[in-house]
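To start, the structure under review is shown below, and the notes come after it.
A short reminder: the numbers here are calculations on the coordinates, not readings from a lab. Predicted model only: the values in this text are computed from it and were never measured. All Cβ positions, glycine included, derive from the backbone under ideal geometry; neighbour counts span all protein chains shown.
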C-alpha cells in the first residue's frame, strides 16, 4: 500500500546511497510498501561493488518485494527496475536474467486487461533491452497485448516501442510502425526518428527518463 512514509523513505535512500551504501541498504529494507522497497533496493544494487553473490542476494530481495504488490501488472512493472539493474551488470549472464523474465511473463499472463498487460510488458521490454538476445522474448507478447487492445493507448504504446527499437533496429521499428493505424502518429514518429529524438529505452534510475533533464522529468512524472 502506497504511503507518504514509503515515498519519503525512497527519496532518502536515493540520496543516502550516494554517500553511505550500508545505511542506504538498511533503510531500503525498512520500507513497508513492496513497490517502493523494490525500487529502493534496485537503487542500492545499482551502485554496489560487492561480489556477484551479494548482488544477486539484493536482487532477489527486490524481486520478493515486487511480489508483495500482488497484482500481475504491478509485479511485472516494478520488477523491471531491478531487472534493468541486472541487465546492466556485465557478470550477470543472459540465462540468469531469462529465468526471471520467464517468471514475469508467466505472471503477466494472468492479467486479464490487455492495456495493463501491455503497460507492464513495455517496462519489462525496456528493462532487458540492453540484452539483445532477450528482446524478442518480451517483444512478441508485448505486441500480442497491443493487438488485443481496444484503447486510445494502443498507438501510444506502439509508438513508444518504435522509438525504443529505432535506436539500433530500424527494421523492427518499421515493422511495429506499420501496426499504427493513425497516419498523423506515424508521421510524427518518423520525424522524431529523423531528428534522433527520444530514441532507445528509458533509464530506470536515478529516474525513469531518457534524453530529458532530471528536473524536467521529476516535475512531469514524479508519481512513477
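Mind grabbing the base-10 log of I(q)/I(0) for segment 154-194 at q = 0.19, 0.20 Å⁻¹? Debye formula, identical points on the C-alpha positions, no solvent, two decimal places.
Reported log10 I(q)/I(0), two decimals: -0.42, -0.46.
So for 175, 69, 19, fewest C-beta neighbours within 10 Å to most, what's the order? Walk me through the intermediate numbers first.
Numbers: 175 13, 69 22, 19 8.
Sorted ascending by nearby Cβ count, the order is 19, 175, 69.
What angle do you read, to the nearest 10 degrees and between 0 and 90, between the alpha-carbon axis of helix 52-67 and the longest principal axis of the chain?
Computed tilt is about 70 degrees.
How far is helix 135-147 tilted, in degrees, relative to the longest principal axis of the Cα atoms in the chain, given as a value from 0 to 90 rounded to the nearest 10?
60 degrees
What is the spread of the Cα atoms of the chain along each of their three principal axes, largest first, in whole Å?
In descending order, the Cα extents are 52, 36, 35 Å.
Just to be sure I understand the model, the point goes 7 Å from the Cα along the line to the Cβ. What's the resulting residue 188 to residue 51 distance in nm?
According to this spin-label approximation, the distance is 5.2 nm.
Decide, for segment 108-182, between rounded, prolate and oblate: order the square roots of the alpha carbon gyration tensor eigenvalues as a ≥ b ≥ c, take rounded if a/c falls under 1.5, and otherwise choose prolate if a/b is larger than b/c, else oblate.
Working: a/c = 2.11, a/b = 1.17, b/c = 1.80.
Oblate.
Exposure proxy check: 107, 180 ranked by fewest other beta carbons within 10 Å?
On the way: 107 18, 180 21.
Ascending Cβ contact count within 10 Å gives the list 107, 180.
Give the order of 165, 105, 63 when sorted by the count of other beta carbons within 10 angstrom, beginning with the fewest.
On the way: 165 25, 105 17, 63 21.
Going from sparsest to densest Cβ surroundings: 105, 63, 165.
Taking a spot 7 Å from the Cα of residue 130 along the direction of its beta carbon, which residues of segment 100-120 have an amide N less than 19 Å from it?
Residues 100-102 qualify, since their backbone N sits under 19 Å from the label point.
In degrees from 0 to 90, rounded to the nearest 10, what is the angle of the helix 72-88 Cα long axis to the longest principal axis of the chain?
Once rounded, one gets 80 degrees.
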